[in-house]
Amino acid sequence: MATTALSTLPEEMEVEVLLRLPVKSILRFSTVCRRWAALRSSEEFCAARTKLAEWKTTEPAAQLLFLPMPARWDAPRTTEVRSGDGRALLTLDGVPGHHAVMATAPCHGLTLLHDQGSGRCHVFNAATRAATMLPTPCTLYGPSSAGLGFDARTKEHKVVRLFFSGERTKCEVHTLGRGPDSRWRPPISCADTDGVVVPSTLAGAALFATILDHGLSPIFADGFLHWLVDPNFDYPTHLLLDPNFDYPTASASSSTAAVLSFSLAEETFSSRVRSPPFDMKWEVPGAHLAELDGRLCIVRDLRRGSSGSLEIWSYDAAADGGDDNWTLEHHIDLAHHAGRHLLTEPKYVRVVGASVGKKVIFVATSKRNVVAYDPMSETLETIFQLGGGTNHGEEETRRSLRRFSLFKERLTLLH
């Protein structure tokens, strides 16, 4: 290696300098020599870089990820991941583009891509462009929902998959970094129950969430993966899967939402999160969960009501209980807003995240675009438009919400 000012420093100082570089610069420097490449790929360096980033007062800016629309339904079984500026980052095999569901928020720099039809999963780091395909699930085909979370106790990432098998809703877990022999397994809390851990009172509702809730991924916050479900929607599984089943009008009546939560440490389901302090109609467009600044949020869609608005409520897990757990953080009044058409015309919308400090909130819409909302100036602006593909009606319109995500650059390793 040619002598540089950096290479003449003592090794300890050299490492300290590299730790303080932006992720993009670290990746470039790792191509200079084998020693720096080995350093960048070491657990110790990545852990030190993560710890240093947590102490910084400023975080890297959130960046947009998207999945391009396949030109045809019979397109090859691959999915491309691109950055908001159009750069191709990754091509993942084995997941048809039309069936791919991308988690809206990364977990410590890692993003989950899930094929709801087959259950296959990929985990990737958009910053380093590293990716891994998880082993084939135990139950390969059928409706499923998957989420990626972090077990703070063991310092491991885990993928949790909720799926339908026979007449029951089941769960399986895959722990990243356990080597080539690692497999999907039942949660540790139910090794003797064949993966059946969903509370019986919410089993039908949980299945409802996986099949009917626009195929959205669960949200990871406070050490739990969270699904939004309707506790009153508890019908026999064979009816839920029957395409001719006429859902009772109760699905459009007012009821209190429930949040089904899965602990990454204990690997158990619970109704840990208190219901929000309002009733809502379980009809399109309804409500959905989001994660903003590390907090669990529920987005209440009132665009079709008299108020013509979106509400974002955040959950404080440390609060004593009652209504104090939920706080109305944002009320986006669209009734008299100059740019209201950006959010009122699409049939479906989904909050995918926010910039640091929630200075800008990003909303994906079924118009295949992303709208930025500035809470300070109360302005709306289209920042991205997804092109390509062919409109395939209602289902394709809903699928477009699953094609957007945010990420922040981190060096988290994949094994």
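Between Ala61 and His336, the simple label model (points 7 Å from Cα in the Cβ direction) yields a spacing of 3.3 nm. Distance between the pseudo-spin-label points of Arg178 and Lys155 (7 Å out from Cα toward the beta carbon): 1.9 nm.
Available extension along the chain between Asp93 and Leu328 is 80.5 nm, counting 0.36 nm per residue and deducting the alpha carbon span. Backbone amide hydrogens, once placed in the peptide plane, bring Leu292 within less than 5 Å of Cys297, excluding anything fewer than 5 places away on its chain.
With θ taken as phi - 60° and the Karplus curve 6.51 cos²θ - 1.76 cosθ + 1.60 applied, the whole-hertz 3J(HN,Hα) list for region 118-125 is 9, x, 5, 9, 10, 10, 9, 10 Hz, x standing for glycine and proline.
Which pairs, out of Lys51/Lys359; Lys24/Lys367; Lys170/Lys347; Lys24/Lys158, put more than 28 Å between their alpha-carbon atoms? All intermediate terms of the calculation are to be shown ahead of the outcome.
Values: Lys51/Lys359 24 Å; Lys24/Lys367 32 Å; Lys170/Lys347 32 Å; Lys24/Lys158 26 Å.
In this structure, Lys24/Lys367; Lys170/Lys347 lie more than 28 Å apart at Cα.
Here the Karplus curve 6.51 cos²θ - 1.76 cosθ + 1.60, taken at θ = phi - 60°, turns the phi angles of region 151-158 into couplings of 8, 5, 6, 9, 6, 10, 8, 10 Hz, with x standing for Gly and Pro.
No lab work stands behind these numbers, since they all come straight from the coordinates. All values reported here derive from a predicted model rather than from experimental measurement. Cβ coordinates were reconstructed from backbone atoms using ideal geometry, including for glycine residues, and neighbour counts include every protein chain displayed.
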